[in-house]
1. Can you sort Thr176, Thr99, Thr82 so the residue with the fewest Cβ neighbours within 10 Å comes first?
2. R0 = 25 Å: FRET efficiency of Thr179 with Ile40, Cβ-based, nearest 0.05?
3. What residues from the stretch 164-193 fall in the zone where the backbone N is under 18 Å from a label point 7 Å along the Cα-to-C-beta line of Gln109?
4. If we count every other residue with Cβ under 12 angstrom of Gln53's Cβ, Lys/Arg +1 and Asp/Glu -1, where does the sum land?
5. Mind checking the full-extension length gain between His90 and Arg56? Use 0.36 nm per residue of separation minus the Cα-Cα distance, one decimal, nm.
Amino acid sequence: MQFLLESLGVLFLFLIAGIALAILLLITILMLLFRSIPAINALNEEISSYIEQIVRKITANWDLQQLTQEATAKLVELLQPTQLSAYSEHCAQELGQLTGYGVARGSIQGLPALKFLQPLMKLFAKKADLEASKNLLMAEFVSASEFEKGTAQFEFQLLNRGEGWLVNSLSITVTTPTTSQPNVLSLGRKTTMADLVEENKKTLNLEKMFLKAD
């Protein structure tokens with residue numbers, strides 16, 4: 001009986017120590033997160049400004065061909081001049097000129113956006129995964145804007161590989177009083193952070209192979 005009580009006492013001490021460690025870790029993460037808020041806010045403002053620039057550019061005269069200048073290589077491959085012209089003509093007729101721009105809001109994924117997590121990630125993530133994601137950011141933002149004849153919601157997926165933001169996909173939902181339901185115009189295909197990391201890993205492995213060959 002005494003041995004059982006002693007074992008329970010030791011177990012209780014381990015439990016208390018575990019709880020204290022978990023609380024300390026949580027407090028540390030919250031403190032680091034609080035310190036990173038200004039950087040995250042600045043990143044949100046940067047993306048919002050970038051999207052506003054694109055929306056105003058393509059809606060000035062409704063020319064979606066302008067999107068090719070801001071597109072990822074994958075999106076450029078999928079963009080078709082005939083489709084862009086048809087979408088541009090449709091939006092010009094159904095919506096008209098921009099009358100009220102809606103500031104874009106959304107979410108960001110990637111270690112550069114949450115630098116405070118990098119020390120913890122080094123403990124739990126594979127080195128190859130960290131190397132492949134160290135400069136990789138993905139953002140999904142939505143802007144709902146008003147036009148002469150209706151409204152349009154612009155849903156962007158943006159990628160940044162350390163060299164600036166580019167559009168990976170764009171969906172425009174057109175709503176007018178004369179249509180019974182919204183019309184969705186889609187350009188490109190969304191990807192995931194996991195797929196992007198895998199692509200980067202393959203690219204890095206190829207680069208290492210070429211370096212060894214030299």
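Read-outs: derived from the displayed coordinates by stated rules, not from any lab. Quick caveat, the model's predicted, so the values are computed rather than measured. Quick reminder, even Gly has a Cβ in these numbers, built from the backbone with ideal geometry, and neighbours come from all protein chains shown.
1. Thr82, Thr99, Thr176
2. Numbers: r = 38 Å, r/R0 = 1.52.
Calculated transfer efficiency: 0.10.
3. Only 165-171, 188-193 pass the distance filter.
4. After counting each charged neighbour, the total is -1.
5. Values: separation 34, 0.36 × 34 = 12.24 nm, distance 1.70 nm.
Value of the extension gain: 10.5 nm.
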